[in-house]
Amino acid sequence: MPKAIKKIGVLTSGGDSPGMNAAIRSVVRTCAYHNVECIGIYRGYEGLIEGDFQIMDARSVRGIINKGGTMLKSARSKEFRTTAGRQIAFQKLSEAGIDALVIIGGDGSFTGGMIFNEEFDFPVIGIPGTIDNDIVGTSHTLGFDTALNTVVDAIDKIRDTASSHNRLFFVEVMGRDVGHIALNVGIAGGAEEILIPEEDLGLDRLVESLNRSRKSGKTSSIVVVAEGDKIGKNIFELKDYVDQNMEGYDVRVSVLGHMQRGGPPSCFDRVLASRMGVKAVESLLEGKTNYMVGLLNGVMELTPLEMAIKGKTKINLELLRVSDIMST
Ligand code: F6P
C-alpha cells in the first residue's frame, strides 16, 4: 500500500513560462479542496536543497492567474544533479513532512524529478511548463500559446516598419532545439520563409525563395528563424550573406529574446494550467507517480516521465506544407 499523501510540495524549475503562476494556483487550490496541505518551494531544486519552503493556502495564490513569470521563482540547479544534492533535498522534504512533489518545468526539470523518484521512491508528477512545446505527451506545453501570441504581435509590428522601408527582416525566435514557435508564428505572421531545425532549407533555396518573392512583387520580407536552426549560419551571418550575395536588399535583424517568455498568460494557457494542476494533484492522491500530465486530443492524460523526456516531438508536416503554400 502506498503511503497516504497528506502534504504536497510544488515547485517551478528551469526557464519560466506564462501560465506557471496559474498552475501553482491550481495545485494549491486543488490541495485545499481535498484537505491536503500544500507547501510552495522557492527557486526550484535550489530552494528544495536549502529548505526554502512556504505553507500555501487557497488565499495565498489570489491575483496570480493573470501574471507571467512564477511567484515561486525558478532556477536551474547544478547541485540537484549530484547524488549528494538530491540526498539533502530528500532530507529537507522528510523533515518538512512533504509526501509528494508537483514539478512544473521542462525536460531538464523532469529528468531531475525522475531520478529523484527512482533513488528515493518519492512520488512526483510533472506539469510541462515551457514555451518551446518540446515535450512528448501533450499537444501544448504551458506557455507555448502565450509565447505564440506575443511573438505574432511583435512580428506584426516589425512588418509595419519593414513594409514602410521595403526591408528584409530576419526575426529570431526562441525554441531551443525545436521549431514549433517559428513554424506557427511564421504562418500567423505571414512570413516569406521560416527556418527551423527540423527542415534543412539550405542557403541556396533561401536565396531562391527571396528572389522569387521579390519578382512576384513583394517589397518587404520577413524570414522567421528558429534559434536552433542549423542552416549553418547564425542570424547575423545570414544578414551578411544576403548583403553580400543579393542585390538591392536592405536587411535588418531582430532577435526577440526573453520578451517571448513574459507577459500575462493567454486564456488558453490559464485554462490549461488550471486543468493540469487539478490532474497533477488528483493523480498523486490516486497513488500515481513518475508521470507527466498533458493535453492529448482535448483530454488530460498521463504520460510516463521517461517517455516525455526521451521522446522527440515531431514537427507538424501539414503546417509545413501550409507555410510553403502561403509563401507563394
Ligand atoms: O526553454 C525555454 C527557453 O526560453 C528556450 O527557448 C531558450 O533557448 C532558453 O530557455 C533560454 O534560456 P535562458 O533563460 O537560460 O537564457
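The values are calculated or read from the model by the stated rules, or taken from the named source; none is laboratory data. What you are looking at is a predicted structure, and each value in this text was computed from that prediction instead of being measured. Note that each Cβ is placed from the backbone with ideal geometry, even for glycine, and that neighbours are counted across all protein chains shown. For the accessible areas, the whole protein counts, side chains as well, though only heavy atoms, and no ligand, DNA or RNA atoms are used. Shrake-Rupley method; radii C 1.70, N 1.55, O 1.52, S 1.80 Å.
Some observations on this one:
- Per-region count, segment 192-214, residues in contact (Cβ under 8 Å) with a residue 40 or more places away in the chain and within 22 Å of the chain's Cα centre (by Cα): 4
- One residue stands out in segment 36-48 among those that are surrounded by fewer than 22 Cβ atoms within 10 Å (Cβ to Cβ) and β-branched (Val, Ile, Thr): the one that is farthest from residue 15 (Cα to Cα), namely 36.
- Subset tally (residues that are open to solvent by 10 Å² or more (accessible area, probe 1.4 Å), more than 11 Å from the ligand (Cβ to nearest atom) and more than 18 Å from residue 298 (Cβ to Cβ)) for segment 123-141: 1
- Residue under evaluation residue 185, criteria (1) open to solvent by less than 30 Å² (accessible area, probe 1.4 Å); (2) within 16 Å of the ligand (Cβ to nearest atom); (3) in contact (Cβ under 8 Å) with a residue 40 or more places away in the chain, criterion not met: (3)
- Any chance residue 112 is out of contact with any helix residue (DSSP H, G or I) (no Cβ under 6 Å at 6 or more places or on another chain) and either among the aliphatic types (A, V, I, L, M) or within 16 Å of the ligand (Cβ to nearest atom) (or both): no
- Selection from segment 235-266 of residues that are in contact with an Asp or Glu (Cβ under 9 Å, 6 or more places away or on another chain) and open to solvent by 80 Å² or more (accessible area, probe 1.4 Å): none
- Residues located in segment 1-16, provided they are within 16 Å of the ligand (Cβ to nearest atom), out of contact with any Phe, Trp or Tyr (no Cβ under 8 Å at 6 or more places or on another chain) and open to solvent by less than 10 Å² (accessible area, probe 1.4 Å): 12
- Taking segment 124-167 as the range and being among the aliphatic types (A, V, I, L, M), part of a loop (DSSP other than H, G, I, E, B) and in contact with a strand residue (DSSP E or B) (Cβ under 6 Å, 6 or more places away or on another chain) as the test, only 135 passes.
- Among the candidates 68, 9, residue that is in contact (Cβ under 8 Å) with a residue 60 or more places away in the chain and more than 25 Å from residue 176 (Cβ to Cβ): 9
- Going through (1) more than 20 Å from residue 175 (Cα to Cα); (2) touching a residue at least 12 places away in the same chain (Cβ under 8 Å) one by one, residue 264 falls short only on (1).
- The single condition among (1) open to solvent by 70 Å² or more (accessible area, probe 1.4 Å); (2) modelled with pLDDT under 95; (3) over 30 Å from residue 5 (Cα atoms) that residue 310 does not satisfy is (3).
- Of the helices (runs of 4 or more DSSP H) lying entirely inside segment 232-328, those carrying at least 1 residues that are more than 25 Å from residue 214 (Cα to Cα) are 267-285, 305-310, 317-326.
- Restricting attention to segment 73-99 and to residues that are small (Gly, Ala, Ser) and over 24 Å from residue 15 (Cβ atoms), the residue that is surrounded by the fewest Cβ atoms within 10 Å (Cβ to Cβ) turns out to be 84.
- Selection status of residue 205, buried (at least 16 other Cβ atoms within 10 Å of the Cβ) and at negative phi: no
- Scanning segment 281-295 for residues that are in contact with a Phe, Trp or Tyr (Cβ under 9 Å, 6 or more places away or on another chain) and either open to solvent by less than 20 Å² (accessible area, probe 1.4 Å) or of a type outside the set (Val, Ile, Thr) (or both) turns up 281, 283, 292.
- Candidate set from segment 158-182 (those that are under 22 Å from the mean Cα position of the chain (by Cα) and open to solvent by 50 Å² or more (accessible area, probe 1.4 Å)); member that is farthest from the ligand (Cβ to nearest atom): 177
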